[in-house]
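Q: Just passing along the structure, written as C-alpha cells.
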Ligand code: SF4
C-alpha cells in the first residue's frame, strides 16, 4: 500500500487566512493525528534554526503550531539543533516565548553528549548520535527544503542525517567524500601543470594541498562538475567521479537510519516546508533569493515518501536562473533543478534510493491534497476605457 503524503499548496484560491500555509499545516497535523499520538511522550522537534543573519528557515509561526499540537496532546515538546545554530537562535526569532518550548543543543553545548554507534562505512567507523535525540521518545522531523552544495538539496533526510549527529560525525561525513582516490600524483609530477589545473577551475574547487605538495584537494561542495579541470589534467591524473559525490548521499542515508533506529516507527513523523528555497543550506548563515517558486508544505510518517513527493513536486519547475548569485553557473539543464544548479553528479533522488535499500520507507506514495484549490468562476469582461 502506498505511503500517504499530506500536502498543502502554497497557492490560494482566495485571500483568506484558512487557505494559507500555517492553516494548512494545522490540517496536516490533524491528518497525521499528532495530538492523539504524543501523550506523555518526550517529543523532539528537529529543525534547523539557521545561522547568523539567515531568514529563510522555518518561521516561528509554523514552529509554534507544531509545539502547540504536541502540548494539546499531552506531550512534552522541545526543539533540538546543532550547538552553533542554537547559540544565537534568538536573533532569528526562535525563543521559548515565541515558539512555546525550550530549544536545546542536540549534543550538548560543547557537543560532548552523544551515543556511539559502530557502523563502518568508507572512512567512518563510529557515528555519534546526539544525546538529546537519543533520549527523546517521539520525533517530529521538521525540515526546510533548499539546495545543498554536497548533494544537490537538503530536506527531511539531511535535517536528520547531519543535524542529529555530533560535530565530529558531521565532519566525518563530509570527509568521507574523499575516501575514493581521485588524484593520482604519479600521472602528474609536474608542478606547473598542477598550477594550471587549479587555475582552470572558476570556483576554486580543485586546489593544491598546501601541506602536501604534489597532492590536489577537491572541494566537492564547490565543484559543479563542469569538466574544465579535466581538459588540463594529464590523462588518468584526476577523476571527477560519481563515487566521491554519491558517498555523501549514502552517508546521509546511513546516518538517518541510525537516528530512526532509536525510535518506535509509530513515534516518528516528518514535515517539510518547501518555501523560499535557496541555492545552499541554511547553515551558510545568510539567505539568498529563491531559486524555485514556493510549493507548499508536506507531512508523512514515511521519510522516503515525503522526500520523493517534495522532489517530484519541484522536478518539473524552472530553475529561477535570474535569482542565482552571479558566481554560480548552470552548465546543464538536464535532470532535477537542484541537479542543474549543483551538477549532474549531485542527483537529489539518490538519498532516497540508499534509504530505501536500508528499509527506511517506500518510494511508492499517495499525495493527499488537504485543501485543493477551488476554481474561481468569473463572468465575461466588460471593457472600461481608462479615460
Ligand atoms: S569539474 Fe569544474 S568545478 Fe569541478 S573542480 Fe573541475 S573545473 Fe572545478
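Where a number appears in this text, it was derived from the coordinates with a stated rule and is not lab data. Worth saying up front: this structure is predicted, and the values here are computed from it rather than measured. So basically every Cβ, Gly included, is an ideal-geometry build from the backbone, and we count neighbours across all protein chains shown.
Q: So for 308, 333, 175, fewest C-beta neighbours within 10 Å to most, what's the order?
A: 333, 175, 308
Q: Quick check: residue separation of residue 263 and residue 181 times 0.36 nm, minus the Cα distance between them. What number comes out in nm?
A: 25.9 nm
Q: Still on this structure, please answer the following. Full extension from residue 87 to residue 353: what is 0.36 nm times the residue separation minus their Cα-Cα distance, to one decimal in nm? Kindly include the intermediate steps, with their values, before the conclusion.
A: On the way: separation 266, 0.36 × 266 = 95.76 nm, distance 3.44 nm.
In short, 92.3 nm is gained.
Q: What is the gain in length, in nm to one decimal, between residue 334 and residue 195 on full extension, counting 0.36 nm per residue of separation less the C-alpha to C-alpha distance?
A: Values: separation 139, 0.36 × 139 = 50.04 nm, distance 3.13 nm.
Between residue 334 and residue 195, full extension yields 46.9 nm more.
Q: Okay, moving on. Please work out the FRET efficiency for the pair residue 207 and residue 52, using the Cβ-Cβ distance as r and a Förster radius of 30 Å; give the result to the nearest 0.05.
A: For residue 207 and residue 52, the calculated efficiency is 0.75.
Q: Would you mind checking the tilt of helix 21-31 against the longest principal axis of the Cα atoms of the chain, expressed as 0 to 90 degrees and rounded to 10?
A: That works out to roughly 80 degrees.
Q: Given the C-alpha centroids of region 327-387 and region 232-264, what is the distance between them in whole angstrom?
A: 24 Å
Q: For the chain, take N as its residue count and report Rg(C-alpha) divided by 2.2 N^0.38 Å.
A: Against the compact-globule rule of thumb, the ratio is 1.05.
Q: Working from Cα positions, state the angle (0 to 90°, nearest 10) between the long axis of helix 60-72 and the longest principal axis of the chain.
A: For 60-72 against the chain, the angle is about 60 degrees.
Q: Once label points are set 7 Å from the Cα along Cα→Cβ at both residue 31 and residue 95, what is their separation, rounded to one decimal in nm?
A: It works out to 3.5 nm between the two label points.
Q: Mind sorting 262, 269 by how few other Cβ atoms lie within 10 Å of their own Cβ, fewest first?
A: Fewest to most other Cβ atoms nearby, the residues stand as 262, 269.
Q: So, by mean Cβ neighbours within 10 angstrom, what's the order for 239-248, 119-128 with the highest one leading?
A: The densest-packed peptide leads the list: 239-248, 119-128.
Q: Would you mind ranking 48, 331, 174, 59 so that the residue whose beta carbon has the fewest other beta carbons within 10 Å leads the list?
A: Values: 48 23, 331 12, 174 15, 59 19.
Ordered from fewest to most neighbouring Cβ atoms within 10 Å, 48, 331, 174, 59 come out as 331, 174, 59, 48.
Q: Still on this structure, please answer the following. So what's the angle, to the nearest 10 degrees on a 0 to 90 scale, between helix 191-200 and the longest Cα principal axis of the chain?
A: For 191-200 against the chain, the angle is about 30 degrees.
Q: So if I restrict to the alpha-carbon atoms in region 181-240, what is the Rg, and what is Dmax, the biggest pairwise distance, in Å?
A: 10.1, 26
Q: Restricting to the chain, what percent of DSSP beta bridges are antiparallel, rounded to 5?
A: Percent antiparallel among DSSP bridges in the chain is about 50.
Q: Which whole-number percentage describes the relative contact order of the chain, with Cα contacts under 8 Å and a sequence gap of 6 or more?
A: Reported relative contact order: 23 percent.
Q: Counting only C-alpha contacts under 8 Å and six or more residues apart, can you give the relative contact order of region 181-240 as a whole percent?
A: Value for region 181-240: 44 percent.
Q: Return the Rg/Rh value of region 282-386, two decimal places, where both radii are evaluated on C-alpha atoms and Rh is the Kirkwood radius.
A: Numbers: Rg = 18.8 Å, Rh = 16.9 Å.
Radius of gyration relative to Kirkwood radius: 1.11.
Q: On a C-alpha basis, how far is the centre of region 22-101 from the centre of region 106-149 in Å? Whole number, if you could?
A: 18 Å
Q: With an 8 Å cut-off on Cα pairs and a minimum separation of 6 or more residues, tell me the relative contact order of region 228-364 in percent.
A: Numbers: 168 pairs, mean separation 36.6, N = 137.
Reported relative contact order: 27 percent.
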